Amino acid sequence: MAMAERRQSIVDFINSEGNVTFVQLKGEFPDVSEMTLRTDLKALDQQRQIIRVHGGAKSVQFAVGTDDLLARRAGRRLQEKATIAAKAAALVRPGRTVFIDSGSTTTALAAAMEDMDLLVFTNSLTVASELARFERVQSIFVGGRLNRYSMSTTGARAIESVRSMTFDQVFLGVTGYQRGEGFSCGSDDEAVFKATLVERAHSCIVLMDSSKENRPSTFRVCSLSDVSTVVSDGGMSDDFVSACADAKVELL
């Protein structure tokens with residue numbers, strides 16, 4: 001593959017994923033040496049075709065201070081999200097008070113749920129749209145400042161609202177996980193909001209596909225030991241499985 005063709009393929013891959021680790025790049029381009037890949041990333045960053053970040057790269061289409069447009073995320077890793085959604089939906093029981101966080105995977109969860117006697121809070125417009133089809137589920141939307149990238153509300157008003165509540169279950173979406181750092185996302189406001197949800201939950205359930213492992217993001221949400229369960233697609237590394245066992249976190 002010629003250099004120009006290879007570099008365009010790298011840009012296309014990064015644009016399709018939004019945010020990638022160097023490990024993912026090596027997996028996508030196994031015949032390219034690490035030194036060549038790093039040279040390519042440096043050149044593409046200088047040409048402003050991608051943005052180099054610690055441990056990887058992100059698309060220039062990936063807006064700073066966000067977790068990317070929800071519409072773009074919703075089209076990625078569809079099978080993995082469906083697997084996670086089905087597992088998470090099986091954890092929902094009648095008579096509980098539940099919070100469903102924003103995100104493409106949590107929206108898939110709402111789509112996979114059955115109609116039952118539940119009180120469900122959300123700050124996500126797409127989750128609320130899925131819940132609207134139910135007759136027995138009582139849905140309450142948490143107001144605040146609209147984030148047009150994630151199609152959800154955040155900010156001081158939203159944070160203050162959930163601080164006065166307690167939830168049996170919180171289903172949390174995250175952007176990345178790193179051992180020793182915990183879970184993270186790309187928006188400061190959303191990180192504070194998510195951390196508040198963790199504090200107010202009897203049981204915090206993180207929905208995370210395996211591509212988010214070892215993927216750095218800017219703002220820390222919580223540590224692995226702060227959650228009770230991680231629902232994934234079955235592709236997590238042995239290191240993550242071991243970390244969950246050490247933290248006494250259930251991995252589904």
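The values are calculated or read from the model by the stated rules, or taken from the named source; none is laboratory data. Small disclaimer: the values here were computed from a predicted structure and weren't measured. Cβ sites come from the backbone with ideal geometry, for glycine too, and all protein chains shown count toward neighbours.
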Residue among LEU25, LEU37, LEU41 that alone is at pLDDT 80 or above, hydrophobic (A, V, I, L, M, F, W, C) and in contact with a Phe, Trp or Tyr (Cβ under 7 Å, 6 or more places away or on another chain): LEU37
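Regarding segment 174-194, can at least one residue be identified that is outside the structural domain of VAL20 (by TED's automatic domain parsing) and more than 19 Å from the chain's Cα centre (by Cα)? Walk me through it before giving the result.
In the first step, residues of segment 174-194 are kept if they are outside the structural domain of VAL20 (by TED's automatic domain parsing); the result is 174-194.
Filter again for more than 19 Å from the chain's Cα centre (by Cα), leaving none.
Checked segment 174-194: no residue is outside the structural domain of VAL20 (by TED's automatic domain parsing) and more than 19 Å from the chain's Cα centre (by Cα).
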Residue satisfying all of: in segment 149-180; in a loop (DSSP other than H, G, I, E, B) and of a type in the set (A, V, I, L, M, F, W, C); modelled with the highest pLDDT among these: MET165
Within segment 44-83, considering residues that are exposed (fewer than 14 other Cβ atoms within 10 Å of the Cβ) and within 30 Å of MET113 (Cβ to Cβ), the one modelled with the highest pLDDT: GLN79
Any hit, segment 201-208, residues being among the polar types (S, T, N, Q) and more than 20 Å from ALA85 (Cβ to Cβ): no
Pick from segment 202-219, criterion closer than 23 Å to ASP168 by Cα and out of contact with any helix residue (DSSP H, G or I) (no Cβ under 6 Å at 6 or more places or on another chain), ranking: surrounded by the most Cβ atoms within 10 Å (Cβ to Cβ): VAL206
Complete set of residues in segment 160-187 that are more than 30 Å from SER242 (Cα to Cα) and surrounded by 20 or more Cβ atoms within 10 Å (Cβ to Cβ): VAL162
Residue among THR107, THR153, THR126 that alone is in contact (Cβ under 8 Å) with a residue 24 or more places away in the chain and farther than 26 Å from ASP233 by Cβ: THR153
Residue match in segment 8-15 (condition: in a helix (DSSP H, G or I), at pLDDT 90 or above and among the hydroxyl-bearing types (Ser, Thr, Tyr)): yes
Complete set of residues in segment 227-252 that are of a type outside the set (Gly, Ala, Ser) and either more than 25 Å from ASN19 (Cα to Cα) or in contact with a Lys or Arg (Cβ under 9 Å, 6 or more places away or on another chain) (or both): VAL231, ASP233, ASP239, PHE240, ASP246, LYS248, VAL249, GLU250, LEU252
